[in-house]
Amino acid sequence: MHLSERHFKTISKLIEGQVGIKLPAAKRLMVEGRLHKRVRALNYSCLNEYVDNLFHDGQFEDEIAHLIDVVTTNKTDFFREPSHFDFMRDVAVPELLNSRGRADLKIWSSACSTGMEAYTAAMVLDDMNRRGSRFGFRILGTDISNVVLHAARTAIYTTDVLAPVPPDFIRRYFMMSRNRESDQVRVVPELRRLTGFMRMNLMEPSYPVDRDVDMIFCRNVLIYFERETQRKVIERLCTHLRPGGYLMVGHSESMIHSVVPGLKQVQPTIFKV
């Protein structure tokens, strides 16, 4: 059975209110497909019954996290939009280190999904140290989905996602399974120790994150928000950047300089405060 128009609008309004993501009518089939497994797990007879019961008997608080996990999109890759990591290595990090006395960096992956963005940054920074740079770093990844955060903390991936990773990085930063028939790899402990993850909603009025971050990645999530929501999220993120810090957005999100005055555009998708 399909979601009625009324029930789909209920889900859409709820998701936009909770996480800022709009679900237009064209997404109804996607939402239905993703919800079927959850409906079966809770022994409801149909999708509409599931929606009706969301607000009954105190179920909302328990179920909202599951619903968010089901309907949010968590596309990510290692070395996605690689020019950002080239800029980080060649321009941003040397500049940030030269601009002050202390030699340590804070990087925030603000919509980290399964952690590939955060671990890519960790690989690039560790490689810089191996090539002669001398600095410490910590990386924080945040996301709204508990499912992807679990995957990020575990740091276990299948070999097919390693295609964009340079071969020497694969050898250095991933452990192969002892089971020769397994297609799984795991990020090495040295990088996992430098990379932490926590659940956070970009729609919250304030973020539990340090306010001296050197670089924030917020890529391919703003496109799901209305313009006013984009503005508020970017303004909040920028309060966590130290002066001279960088904000990286996705290639389809380069319009944010017109949303938030005061950001200096360094490249089409790279901004500086």
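The values are calculated or read from the model by the stated rules, or taken from the named source; none is laboratory data. Quantities reported herein were computed from a predicted structural model and do not represent experimental measurements. All Cβ positions, even for glycine, are placed from backbone atoms using ideal geometry, and neighbour counts span all protein chains on display.
What the table shows:
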read-out	value
Counted residues, segment 160-188 - those being modelled with pLDDT of 95 or more, over 21 Å from the mean Cα position of the chain (by Cα) and surrounded by fewer than 17 Cβ atoms within 10 Å (Cβ to Cβ)	8
Residue within segment 104-124 that is surrounded by fewer than 13 Cβ atoms within 10 Å (Cβ to Cβ), more than 23 Å from the chain's Cα centre (by Cα) and not hydrophobic (A, V, I, L, M, F, W, C) present	no
Neighbours by Cβ (under 7 Å, 6+ apart or cross-chain): first from segment 203-232, touching a residue at least 40 places away in the same chain (Cβ under 8 Å) and surrounded by fewer than 18 Cβ atoms within 10 Å (Cβ to Cβ); second basic (Lys, Arg) and not in a loop (DSSP other than H, G, I, E, B)	ASP210/LYS106; ASP212/LYS106; ASP212/ARG242
Any hit, segment 132-140, residues being in the same structural domain as ASN201 (by TED's automatic domain parsing), surrounded by fewer than 20 Cβ atoms within 10 Å (Cβ to Cβ), part of a helix (DSSP H, G or I) and among the hydrophobic types (A, V, I, L, M, F, W, C)	no
Residues of segment 38-62 satisfying the condition of being of a type in the set (Ser, Thr, Tyr) and either in contact with a Pro (Cβ under 8 Å, 6 or more places away or on another chain) or surrounded by 13 or more Cβ atoms within 10 Å (Cβ to Cβ) (or both)	TYR44, TYR50
Residue match in segment 57-78 (condition: farther than 29 Å from SER12 by Cα, in contact with a helix residue (DSSP H, G or I) (Cβ under 8 Å, 6 or more places away or on another chain) and aromatic (Phe, Trp, Tyr))	yes
Any chance ILE223 is closer than 21 Å to SER113 by Cα and either in the same structural domain as ILE21 (by TED's automatic domain parsing) or at pLDDT 90 or above (or both)	no
Subset of segment 189-202 (residues that are surrounded by fewer than 17 Cβ atoms within 10 Å (Cβ to Cβ) and either of a type outside the set (Gly, Ala, Ser) or more than 14 Å from LEU140 (Cβ to Cβ) (or both))	PRO189, GLU190, ARG193, MET198, ARG199, ASN201
Residue within segment 47-66 that is under 25 Å from LYS232 (Cβ atoms) and touching a residue at least 40 places away in the same chain (Cβ under 8 Å) present	yes
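Conditions tested, residue by residue: (1) in contact with a strand residue (DSSP E or B) (Cβ under 8 Å, 6 or more places away or on another chain); (2) charged (D, E, K, R); (3) within 23 Å of LEU96 (Cβ to Cβ).
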position	(1), (2), (3)
ASP210	yes, yes, yes
ASP214	yes, yes, yes
CYS218	yes, no, yes
TYR224	no, no, no
GLU228	no, yes, no
HIS240	yes, no, yes
GLY245	yes, no, yes
PRO268	no, no, yes
LYS272	yes, yes, yes
